[in-house]
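The values are calculated or read from the model by the stated rules, or taken from the named source; none is laboratory data. Small disclaimer: the values here were computed from a predicted structure and weren't measured. Cβ placement follows ideal geometry from the backbone for every residue including glycine, while neighbour counts extend to all protein chains displayed.
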Amino acid sequence: MNTRILIVEDDLALSELLSYNLSSAGYQTSTIDDGDEAMAAVLDENPDLVILDWMLPNLSGIEICRQIRANPETRNLPVIMLTAKGEDLDRVRGLNTGADDYMVKPYSPAELIARIQALLRRSNPQVHADILNFEDISMNLQEHWITRGGEAVKLGPTEYRLLQVFLEKPGRVYSREQLLDKAWGRDIYVESRTVDVHIRRLRKALNAGNRENLIRTVRSAGYSLDSRIRSI
């Protein structure tokens, strides 16, 4: 799946340059320029990584980072902080707040991309693996085959993409809108209830032979791949 990066930066020229460089490197990007709206954007966009400017209107990057770490839904979200502050005490403060990495402006786009790649590998090695596993389900991303309990599972393209989303972050609850975004793409208009249809097909394929249903419906929230009992 495409990795999504949220850029929180109030310098329009720098934000556009960042977005261009990251898009050229194969990442999906979205941008926001106001500190007050940053946390709502994090929760709405569901990014894989946040690039966060220290100095922002209304709310500082330091405070946004604190909020990210305090929220159970985002506490493990990778954060790279960008700043003009280059003193050692500033670096320590940024890292102690919860930032995973810290870069001082001006910086090399190539170095930033290298740091993003390294951080994503450390934070979620499952996403970068050739084979995704959860319980008795395995997905080989190179050869495009899926097994459950050692037996082959046949899926359509959409069900395959949905399962990949779930397998990359088992236990994470995705809303219908988030699944549409990740499995269909932002530029494709599909009714949110279409997700339910494909979830039913995915369950039918995975649960053949009366196997346990691992795709949970989380009431008023969405779906997750989870072996724990949730509201159905």
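Couple of notes before you dig in:
- Within segment 23-47, the set of residues being part of a helix (DSSP H, G or I), within 23 Å of GLN67 (Cβ to Cβ) and not β-branched (Val, Ile, Thr) comprises GLY35, ASP36, GLU37, ALA38, MET39, ALA40, ALA41, LEU43, ASP44, GLU45.
- Scope segment 149-162; condition under 15 Å from ARG201 (Cβ atoms) and touching a residue at least 40 places away in the same chain (Cβ under 8 Å); matching residues: VAL153, LYS154, LEU155, GLY156, THR158, GLU159, ARG161, LEU162
- The condition of being out of contact with any Ser or Thr (no Cβ under 9 Å at 6 or more places or on another chain), assigned by TED's automatic domain parsing to the domain that holds ALA118 and hydroxyl-bearing (Ser, Thr, Tyr) does not hold for SER15.
- Checked against the criterion of being farther than 22 Å from ASP48 by Cβ, modelled with pLDDT of 90 or more and either of a type in the set (Ser, Thr, Tyr) or part of a helix (DSSP H, G or I) (or both), segment 181-196 has at least one qualifying residue.
- Selection from segment 32-51 of residues that are acidic (Asp, Glu) and buried (at least 21 other Cβ atoms within 10 Å of the Cβ): ASP48
- Qualifying positions in segment 61-78 - within 12 Å of THR97 (Cα to Cα), surrounded by 14 or more Cβ atoms within 10 Å (Cβ to Cβ) and either touching a strand residue (DSSP E or B) at 6+ places or on another chain (Cβ under 7 Å) or small (Gly, Ala, Ser) (or both): GLY61, ILE64, CYS65, ILE68
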